[in-house]
Amino acid sequence: MTPSPLPFRIGYGEDAHRLAPGRPLVLGGVSIPQAERGAVAHSDGDAVLHALADALLSGLSLGDIGQYYPDTDPAHAGLDSREILMHALRLVQERNYVPANAALVVTLDRPKLGPLRRAIARNLATLLDLKDTEVGVSFKTSEGLAPDHVQVRATVLLVRVAG
Ligand code: C5P
Ligand code: MG
């Protein structure tokens with residue numbers, strides 16, 4: 001007997017990128033103007049969108065974004081990571097689940113991101129079709145343990161909808 005699908009599924013994703021001068025830093029689709037360094041990446045290096053996309057995929061055991069967007073494929077160079085997130089969201093929705101809320105932790109020593117918390121949350125909420133209050137964004141320093149990279153951890157709760 002096939003068990004009926006669960007009403008809820010949890011998804012979890014992570015991403016990290018090395019930081020280097022002369023590149024923009026974009027997190028959750030928001031440019032960080034005070035950043036002296038940006039993410040070294042094949043795509044636009046938006047670690048927030050990458051971690052969130054992996055969280056969506058993992059919630060339904062759909063693998064990870066590297067399977068859909070291999071970083072060895074020149075076609076994906078400079079890719080807008082919103083496209084990756086929207087692809088993951090579409091795969092989830094096609095299976096009759098939608099995100100109920102998302103929670104993220106961004107670990108970055110500098111600059112301070114607190115002033116951009118609302119802008120990042122609002123942007124993610126718009127992309128995921130959630131309310132601003134359904135996206136929690138936390139910031140942590142690495143206390144100098146990892147000053148040369150940005151790390152993001154993300155969870156989403158997926159809810160089954162009729163269909
Ligand atoms: O990691 P730590 O506990 O030292 O962070 C202290 C405060 O600094 C937290 O309130 C956090 O939101 C904020 N923070 C920030 N931007 C960062 C790292 C931490 O605003 N890049
Ligand atoms: Mg990435």
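What number of residues in the range 130-163 are assigned to a loop (DSSP other than H, G, I, E, B) and over 28 Å from ASP109 (Cβ atoms)? So that I can check it myself, show each step before the final result.
Let us first name the residues in the range 130-163 that are assigned to a loop (DSSP other than H, G, I, E, B), namely 130-131, 141-148, 161-163.
Now restrict to residues that are over 28 Å from ASP109 (Cβ atoms): 130-131, 161-163.
Selection size over the range 130-163: 5.
Please determine whether any residue of the range 55-78 is aliphatic (A, V, I, L, M) and under 20 Å from ARG122 (Cα atoms).
Step one: filter the range 55-78 for residues aliphatic (A, V, I, L, M), giving 55-57, 60, 62, 65, 75, 77.
From what is left, the residues that are under 20 Å from ARG122 (Cα atoms) are 55-56.
Yes; the residues of the range 55-78 include at least one that is aliphatic (A, V, I, L, M) and under 20 Å from ARG122 (Cα atoms).
In the range 27-129, which helices (runs of 4 or more DSSP H) lie fully inside it and hold 2 or more residues that are at pLDDT 95 or above, surrounded by 15 or more Cβ atoms within 10 Å (Cβ to Cβ) and more than 14 Å from ligand 1 (Cβ to nearest atom)?
Values: elements: 47-59, 65-68, 81-94, 117-128.
Counting at least 2 such residues, we get 47-59, 81-94, 117-128.
Each row is one residue, and each column tells you yes or no for (1) more than 15 Å from ligand 2 (Cβ to nearest atom); (2) touching a residue at least 40 places away in the same chain (Cβ under 8 Å); (3) among the acidic types (Asp, Glu).
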| position | (1), (2), (3) |
| --- | --- |
| PRO70 | no, no, no |
| ASP80 | no, no, yes |
| LEU91 | yes, no, no |
| VAL98 | yes, yes, no |
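Looking at PRO5, is it modelled with pLDDT under 95, away from ligand 2 (no atom under 13 Å from the Cβ) and under 23 Å from LEU157 (Cβ atoms)?
Numbers: modelled with pLDDT under 95: yes; away from ligand 2 (no atom under 13 Å from the Cβ): yes; under 23 Å from LEU157 (Cβ atoms): yes.
So PRO5 passes the test.
The values are calculated or read from the model by the stated rules, or taken from the named source; none is laboratory data. Since the model is a prediction, treat every value here as computed from it, not as a measurement. Virtual Cβ from ideal backbone geometry, glycine too; neighbours counted across all protein chains shown.
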